[in-house]
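What follows is a set of notes on a single structure, which appears directly below.
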Amino acid sequence: MEDYEAQEQEFWAKLEESEMSRSQMLKRSVAAATGLTVLGSSGAAFASRGAAGKTPPLKGSTIPIKELVAEAKKEGKLNTIALPPDWANYGEMMSTFSKKYGIPIDNQNPDGSSAEENQAIRSLKGDSRAPDGVDVGVSFAVAGAAEGLYAKYFVSTFSTIPRAMKDTRGLWWGDYWGAISIGYNANLISNPPKTWKDLLKPEYKGKVAMNGSPLTSNSAVSGVIAASIGNGGSVKDVGPGIDFFATLKKSGNFIPVGTTPQTVASGQTPISIDWDYNNLAYTKEFPAARWGVTIPSDGVYGGYYAQAVNATAPHPWAARLWQEFMFSDQGQVIFLKGFTHPARFNDLAKRKKLPASLLKALPAPALYAQAKFASIPQQTAAKAKIASDWPTKVGS
């Protein structure tokens with residue numbers, strides 16, 4: 001048995017395996033199926049790629065995992081970007097990968113945006129510091145693929161990723177999804193908001209924030225789409241969402257401070273519009289903040305992020321091994337531990353690989369069943385509308 005195989009056995013042994021009821025599994029499966037950097041000048045050459053001396057595979061299913069691991073180890077490193085350790089449980093994902101395969105990870109600009117991830121591929125092309133892969137919002141993935149930033153690759157579990165969550169050419173594939181939620185500091189918010197309209201109440205003056213700017217951040221773009229659904233708009237019409245934030249800013253409720261773990265811990269952002277998995281993670285990470293989470297009942301929006309391999313990755317074999325790990329059963333359960341719905345949720349549920357204890361930590365399945373999902377053209381249109389109207393109506 002290889003060392004990495006023993007590490008995986010240890011992972012499953014430590015994970016609580018409890019039976020999941022058929023009704024709960026079906027409810028979540030229905031919900032899942034509904035929608036379905038640091039910049040610098042070019043420098044070092046691809047020494048690690050030259051050392052490998054082989055062309056990396058197009059499909060993970062065509063190469064033995066032992067060979068993929070061996071070639072990745074020759075490269076000796078993996079470059080990631082914009083992966084906050086407390087986002088979707090990436091901290092455990094990275095540490096488990098490194099421990100399992102003995103490959104260190106250099107995670108640059110952990111709080112970076114999707115736009116900065118694509119920019120890093122452009123700016124660092126030919127540099128050994130370039131990211132080997134990215135985790136970006138779908139509209140950014142579509143743009144990156146069209147620009148030729150990504151390499152084609154089909155993870156060995158590609159067929160079990162829902163059709164709506166992947167590019168069939170193999171240029172990107174969704175890794176996890178969640179719903180936009182409202183998080184709040186119960187020490188500072190005595191009457192928690194339950195709907196989008198609640199956020200307009202005078203008692204929330206100077207208290208409402210978002211995770212970044214919708215001009216660069218996919219989570220913020222998704223927040224605007226969700227607010228649109230809750231204010232008479234839809235995934236096809238995000239104008240009402242932009243107007244909602246303009247009104248929220250005019251009232252003094254919306255503050256121009258992007259939510260981070262630090263602002264949550266300090267109380268600087270008492271209310272945060274963000275993905276459910278981020279807000280849910282804060283409940284455990286910052287118990288002193290007494291962080292609570294609600295999914296606004298008048299506008300439930302779900303969205304996913306996408307993985308892609310850099311077309312000129314300095315560590316192309318490690319990049320593909322990283323993808324294989326994240327889309328393995330083990331990697332997908334690590335995402336679930338971070339309060340996300342992993343892309344292969346239905347496949348793992350069917351094979352009873354989803355621990356009931358982890359499912360119980362998520363909000364009620366009925367809420368997720370209400371989620372609206374935007375198509376790729378709708379997301380692209382929403383992003384363009386926000387880029388056009390947000391600066392004049394709301395600001396940067």
Of all residues making up the range 200-227, the number that are within 19 Å of residue 299 (Cβ to Cβ), β-branched (Val, Ile, Thr) and within 15 Å of the chain's Cα centre (by Cα): 1
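Here is a yes/no grid of residues against (1) at positive phi; (2) open to solvent by 20 Å² or more (accessible area, probe 1.4 Å); (3) out of contact with any Lys or Arg (no Cβ under 6 Å at 6 or more places or on another chain); (4) at pLDDT 95 or above:
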{"residue": "164", "(1), (2), (3), (4)": "no, yes, yes, no"}
{"residue": "182", "(1), (2), (3), (4)": "no, no, yes, yes"}
{"residue": "206", "(1), (2), (3), (4)": "yes, yes, yes, yes"}
{"residue": "217", "(1), (2), (3), (4)": "no, no, yes, no"}
{"residue": "230", "(1), (2), (3), (4)": "no, no, yes, yes"}
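Each row is one residue, and each column tells you yes or no for (1) aliphatic (A, V, I, L, M); (2) part of a helix (DSSP H, G or I); (3) under 25 Å from residue 278 (Cα atoms).
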{"site": "70", "(1), (2), (3)": "yes, yes, no"}
{"site": "106", "(1), (2), (3)": "no, no, yes"}
{"site": "111", "(1), (2), (3)": "no, no, yes"}
{"site": "117", "(1), (2), (3)": "no, yes, yes"}
{"site": "122", "(1), (2), (3)": "no, yes, no"}
{"site": "135", "(1), (2), (3)": "no, no, yes"}
{"site": "142", "(1), (2), (3)": "yes, yes, yes"}
Test: residue in the range 363-371 that is under 30 Å from residue 75 (Cβ atoms) and not aliphatic (A, V, I, L, M): no
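Would it be correct to say that residue 115 is small (Gly, Ala, Ser) and buried (at least 24 other Cβ atoms within 10 Å of the Cβ)?
no
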Residue, most open to solvent (accessible area, probe 1.4 Å), within the range 237-275, restricted to residues that are out of contact with any Gly (no Cβ under 8 Å at 6 or more places or on another chain) and in a strand (DSSP E or B): 237
Test for residue 211: is it under 27 Å from residue 112 (Cα atoms), open to solvent by 10 Å² or more (accessible area, probe 1.4 Å) and touching a Ser or Thr at 6+ places or on another chain (Cβ under 7 Å): yes
Residue match in the range 310-318 (condition: open to solvent by 10 Å² or more (accessible area, probe 1.4 Å) and part of a helix (DSSP H, G or I)): no
Close pairs (7 angstrom Cβ cut-off, 6 or more residues apart or separate chains): over 12 Å from residue 222 (Cα atoms) in the range 378-396, outside any helix (DSSP H, G or I) and open to solvent by 60 Å² or more (accessible area, probe 1.4 Å) anywhere: 387/215; 390/215; 395/256; 396/215
Residue match in the range 286-303 (condition: assigned to a helix (DSSP H, G or I) and open to solvent by 20 Å² or more (accessible area, probe 1.4 Å)): yes
Filter pass, residue 89 being under 19 Å from the mean Cα position of the chain (by Cα), surrounded by fewer than 20 Cβ atoms within 10 Å (Cβ to Cβ) and at pLDDT 95 or above: no
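The values are calculated or read from the model by the stated rules, or taken from the named source; none is laboratory data. From a predicted model like this one, the values you see are computed outputs, not experimental measurements. So basically every Cβ, Gly included, is an ideal-geometry build from the backbone, and we count neighbours across all protein chains shown. Remember, those area values only see protein heavy atoms, side chains included, never the ligands or the DNA or RNA. Shrake-Rupley method; radii C 1.70, N 1.55, O 1.52, S 1.80 Å.
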